[in-house]
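Q: Below: one structure in structure tokens.
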Amino acid sequence: MGQLVSELILTLDGLTKGTKSPGYYGFDGPEFMKWLGEKSAQPHRNLIGRKTYELLNSLPEEARDDDFQIMTKKPGWVFSKTLKKVDWPGLEIVSSDLCEFVQNMKKGGGDEIRTLGSLSIVRQLIEANLVNCFRIISCPLVLPQTGDEPVYDDWPDTQFQLLEHKLLDGRVFIIDYRPDGSPPRS
């Protein structure tokens with residue numbers, strides 16, 4: 001059975017983007033960048049939504065470093081009912097039902113499947129109980145004024161089991177959780 005990892009870089013207040021923030025919120029220290037490189041080098045397939053694909057594909061040429069080029073060549077899928085073609089040689093467009101598609105990919109085994117951003121995809125996969133590991137990359141800042149894209153809006157109530165955690169550069173936490181059903185109720 002294949003594994004699905006949903007990975008999000010978040011602020012402490014649960015936001016995935018700062019309208020005035022640099023990449024990785026400016027916390028791209030040597031240990032963090034080494035960890036990212038090692039994770040990226042592991043065999044995996046990407047799962048991405050149309051909005052995330054379009055955002056990444058619109059990056060200016062000077063931002064398209066070696067890591068960007070490697071990402072575009074990784075095998076994977078972009079989910080869209082409207083896209084007709086993609087510029088990344090590794091991506092295939094899928095317009096069928098997301099959860100059914102992922103369930104079939106997991107049954108087939110193979111390399112790990114990782115979501116790349118795409119909050120709506122992560123939410124749908126959490127709700128469908130298809131995520132094996134929910135990885136939070138927690139950056140030590142809050143952005144009540146300039147933050148955007150709150151992660152947990154519209155999520156189902158969910159509890160998680162801690163799998164692993166590590167601290168990088170003395171400030172960025174990597175926390176791996178396994179979704180563990182609905183939380184206890186009183």
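Q: Stokes-Einstein diffusion coefficient for the stretch 125-178 at 4 °C in a medium of 1.567 mPa s, Rh from the Kirkwood formula over Cα pairs: what value in µm²/s?
A: Taking Rh from Cα pairs, D becomes 100 µm²/s.
Q: Still on this structure, please answer the following. Summing -39500 (n - 2.57) over the DSSP H runs of n ≥ 4 in the chain and dividing by its residue number, what mean residue ellipticity at 222 nm do you reach, to the nearest 500 deg cm²/dmol?
A: Details: 5 runs with 47 residues, N = 186.
For the chain, the value works out to -7500 deg cm²/dmol.
Q: Continuing with this model, one more query. Give the cross-link partners of LYS39 among the lysines, using a straight C-alpha distance below 18 Å as the criterion and excluding same-chain residues fewer than 8 apart.
A: LYS73, LYS74, LYS166
Q: In addition: On the first, second and third principal axes, largest extent first, how far apart are the outermost C-alpha atoms of the stretch 99-149 in Å?
A: Result, largest extent first: 44, 18, 15 Å.
Q: For the stretch 67-153, what is the accessible area per residue in Å², given a 1.4 Å probe and the full set of protein chains? Walk me through the numbers on the way to the answer.
A: Numbers: 4370 Å² over 87 residues.
Heavy-atom SASA per residue in the stretch 67-153 reads 50 Å².
Q: Return the lysines within reach of LYS84: Cα separation strictly under 17 angstrom, same-chain partners fewer than 8 residues apart disregarded; answer none if there are no such residues.
A: LYS51
Q: Additional query: Can you work out the FRET efficiency for the pair LYS84 and ALA41, with r the C-beta to C-beta distance and R0 = 22 Å, to the nearest 0.05?
A: Numbers: r = 32 Å, r/R0 = 1.44.
Rounded to the nearest 0.05, the efficiency is 0.10.
Q: Then there's this: In the chain, what percentage of the DSSP-assigned beta bridges are antiparallel, given to the nearest 5?
A: 40
Q: Once a ≥ b ≥ c are taken as the square roots of the eigenvalues of the Cα gyration tensor of the stretch 1-63, is the result rounded (a/c under 1.5), prolate (a/b larger than b/c) or oblate (a/b not larger than b/c)? Walk me through the intermediate numbers first.
A: On the way: a/c = 1.39, a/b = 1.20, b/c = 1.16.
Note, shape of the stretch 1-63 comes out rounded.
Q: OK, next. In 10 Å bins starting at 0, how do the alpha-carbon pair distances of the chain split up by percent?
A: 8, 35, 40, 15, 1, 0
Q: While we're on this one: Could you pull out every one of the aspartates and glutamates with an alpha carbon less than 20 Å from that of LYS106, ignoring same-chain neighbours closer than 8 positions?
A: The reachable aspartates and glutamates, counting only those whose Cα sits under 20 Å from LYS106, are GLU7, GLU92, ASP97, GLU127, ASP176, ASP180.
Q: For the stretch 51-139, what class follows from the C-alpha gyration tensor (a ≥ b ≥ c being the square roots of its eigenvalues): rounded when a/c is under 1.5, otherwise prolate if a/b is larger than b/c, else oblate?
A: On the way: a/c = 1.70, a/b = 1.38, b/c = 1.23.
Because a/c hits 1.5 or more and a/b exceeds b/c, the stretch 51-139 counts as prolate.
Q: For the chain, give the percent of accessible area contributed by carbon and sulfur heavy atoms, probe 1.4 Å, rounded to a whole number.
A: 50
Q: Please work out how much length the chain gains when fully extended from LYS166 to ASP148, using 0.36 nm per residue of separation minus the C-alpha to C-alpha distance, in nm with one decimal.
A: 3.9 nm
The values are calculated or read from the model by the stated rules, or taken from the named source; none is laboratory data. Since this is a predicted model, take the numbers as computed values, not measurements. All Cβ positions, even for glycine, are placed from backbone atoms using ideal geometry, and neighbour counts span all protein chains on display. Protein only, heavy atoms only, side chains kept; ligands, DNA and RNA dropped before computing areas. Shrake-Rupley method; radii C 1.70, N 1.55, O 1.52, S 1.80 Å.
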